[in-house]
Amino acid sequence: MTFRKHFTSLLLLLISFFATKSFSFNLEEVADKIYVHFGFQEDANKINKGDISNIGFIVGDKSVLVIDTGGTPSIGEALYKKINDISGLPISYVVITHSHPDHYFGTNVFINESIDIIGHSKLQRSLDANFEFYKNLQLVNTRDQSVKEFKNFKITKIVNIDKNLTIDLGNRIIEIKAWPSGHTDNDLSIFDKKTRTLWTENIFIRRTPSIRASVKGWKKNLEETSKMDLNLIIPGHGPVKKKNEALKPMLSYFNRLIDNTRKFHKNNLSLSKAIEKFPSENIESWLLYNIYHPSNITKVYTELEWE
Ligand SMILES: [Zn+2]
């Protein structure tokens with residue numbers, strides 16, 4: 001074989017490897033008729049093609065509720081196809097857990113008049129304001145051409161902070177809760193009464209939680225979650241866990257951020273000094289820590305500056 005032939009076959013092998021990696025769309029049934037597609041624990045890039053968040057669905061006797069739709073229209077279409085293959089029941093609801101693009105760029109395929117799109121009362125504003133910015137970002141990061149077709153959409157059912165939305169999928173009651181500011185200002189969680197499973201993007205497993213709204217608010221939400229009677233938690237990123245196992249690393253990390261930052265403020269340390277002096281050990285072994293930890297310090301520093 002010539003060098004060129006070797007090179008071509010190696011190239012084909014590589015292409016098929018990456019193609020399998022990005023196009024295999026696996027689902028796992030983590031509890032009775034609750035299916036999760038686990039995204040890669042990475043930032044969006046051209047190899048994972050934006051497939052970085054947990055998305056999936058819950059099947060009742062009458063219909064299906066979808067939770068998040070993925071980071072690109074291609075991912076949303078793959079999910080849509082799997083739902084039809086697995087359940088064959090009509091989809092009645094799509095819940096968008098919050099306004100980060102890895103969770104909702106696959107929504108367009110689900111838009112029709114028999115499907116309600118559910119979001120926090122503060123979600124629509126964020127979708128509208130960030131539409132162009134996120135579309136550009138997703139296209140640049142994933143290089144997935146389907147992103148070019150993505151269109152902004154309207155939430156048809158709003159959930160308010162003081163009032164849970166209850167849905168019956170047919171012998172299956174689902175409660176959707178809108179949370180005060182935590183990861184973002186428009187976080188929703190989905191609770192399945194039958195299996196006592198909570199699907200919440202407020203929880204990150206292994207991947208560093210990125211604080212965008214409020215560390216104190218987020219911590220409060222976690223403390224409230226710890227009081228709930230739950231069998232299982234499906235996080236926005238990472239594997240499913242029992243409640244305490246899911247909450248412990250996050251609370252430990254948030255307390256570490258808050259305690260150290262309060263000390264920095266007491267000693268009048270500047271932000272750049274605070275970043276420099278923050279104890280360097282990644283105690284909870286977070287992934288992508290070097291990327292998200294410095295921005296978390298910045299966020300917490302400004303949040304606690306005037307307390
Ligand atoms: Zn997010």
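Laboratory data are not the source of any read-out in this text; all were calculated from the coordinates shown. Everything quoted here is computed from the prediction, not taken from an experiment. For neighbour counting, all protein chains shown are included, and Cβ atoms are generated from backbone atoms with ideal geometry for every residue, glycine included.
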Go through (1) away from the ligand (no atom under 16 Å from the Cβ); (2) surrounded by 15 or more Cβ atoms within 10 Å (Cβ to Cβ) for TRP218 and report which single condition fails. (1)
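Go over the candidates GLU307, GLU284 one by one and state the one that is surrounded by 14 or more Cβ atoms within 10 Å (Cβ to Cβ), charged (D, E, K, R), out of contact with any Lys or Arg (no Cβ under 6 Å at 6 or more places or on another chain) and part of a loop (DSSP other than H, G, I, E, B).
When all the criteria are applied, what remains is GLU284.
At least 1 residues that are among the hydroxyl-bearing types (Ser, Thr, Tyr) in each: list the strands (runs of 3 or more DSSP E) lying fully within the stretch 134-233 that qualify.
Details: elements: 157-159, 165-168, 173-178, 188-192, 197-204.
Of the strands (runs of 3 or more DSSP E) lying wholly inside the stretch 134-233, those with at least 1 residues that are among the hydroxyl-bearing types (Ser, Thr, Tyr) span 165-168, 188-192, 197-204.
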Residue that is surrounded by the fewest Cβ atoms within 10 Å (Cβ to Cβ) [pool: residues in the stretch 190-205 that are polar (S, T, N, Q) and within 11 Å of the chain's Cα centre (by Cα)]: ASN202
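What tally of residues in the stretch 60-72 results from selecting those that are touching a Gly at 6+ places or on another chain (Cβ under 6 Å) and either farther than 12 Å from ASN108 by Cα or in a strand (DSSP E or B) (or both)?
As a first pass, look at the stretch 60-72 and keep what is touching a Gly at 6+ places or on another chain (Cβ under 6 Å): 60-62, 67, 69-72.
After this cut, where a residue has to be either farther than 12 Å from ASN108 by Cα or in a strand (DSSP E or B) (or both) as well, the list is 60-62, 67, 70.
Looking only at that region, the number is 5.
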Tell me yes or no: at least one residue of the stretch 247-260 is of a type outside the set (Gly, Ala, Ser) and part of a loop (DSSP other than H, G, I, E, B). no
So which residues in the stretch 73-108 are over 11 Å from ILE55 (Cβ atoms), in a loop (DSSP other than H, G, I, E, B) and within 16 Å of the ligand (Cβ to nearest atom)? HIS98, SER99, HIS100
Candidate set from the stretch 179-208 (those that are aromatic (Phe, Trp, Tyr) and farther than 24 Å from LEU287 by Cα); member that is nearest to the ligand (Cβ to nearest atom): TRP179
Residue pairs meeting the criteria (Cβ under 8 Å; at least 6 apart or on separate chains; first farther than 27 Å from PRO294 by Cβ, in the stretch 209-236; second among the small types (Gly, Ala, Ser) and buried (at least 17 other Cβ atoms within 10 Å of the Cβ)): ASN231/ALA31; LEU232/ALA31; ILE233/ALA246; ILE234/GLY56
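Say whether the condition of being away from the ligand (no atom under 16 Å from the Cβ), in a helix (DSSP H, G or I) and out of contact with any Pro (no Cβ under 6 Å at 6 or more places or on another chain) is met by at least one residue in the stretch 114-125. Walk me through how you get there before you give the answer.
Here is the first cut: in the stretch 114-125, the ones away from the ligand (no atom under 16 Å from the Cβ) are 114-118, 121, 124-125.
Still in the list and also in a helix (DSSP H, G or I): 124-125.
Still in the running and out of contact with any Pro (no Cβ under 6 Å at 6 or more places or on another chain): 124-125.
Among the residues of the stretch 114-125, at least one is away from the ligand (no atom under 16 Å from the Cβ), in a helix (DSSP H, G or I) and out of contact with any Pro (no Cβ under 6 Å at 6 or more places or on another chain), which makes the answer yes.
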Considering only residues that are free of Cβ contacts under 8 Å to residues at least 60 places away in the same chain and β-branched (Val, Ile, Thr), which ones fall in the stretch 62-85? VAL66, THR69, ILE75, ILE83
So how many residues does the stretch 234-245 have that are hydrophobic (A, V, I, L, M, F, W, C) and within 16 Å of the ligand (Cβ to nearest atom)? 1
Determine, yes or no, whether GLU42 is without any contact (Cβ under 8 Å) to a residue 24 or more places away in the chain and either surrounded by fewer than 21 Cβ atoms within 10 Å (Cβ to Cβ) or more than 16 Å from the ligand (Cβ to nearest atom) (or both). no
Would you confirm, using the coordinates I've provided, whether ILE86 is surrounded by fewer than 24 Cβ atoms within 10 Å (Cβ to Cβ) and under 30 Å from ASP162 (Cβ atoms)? no
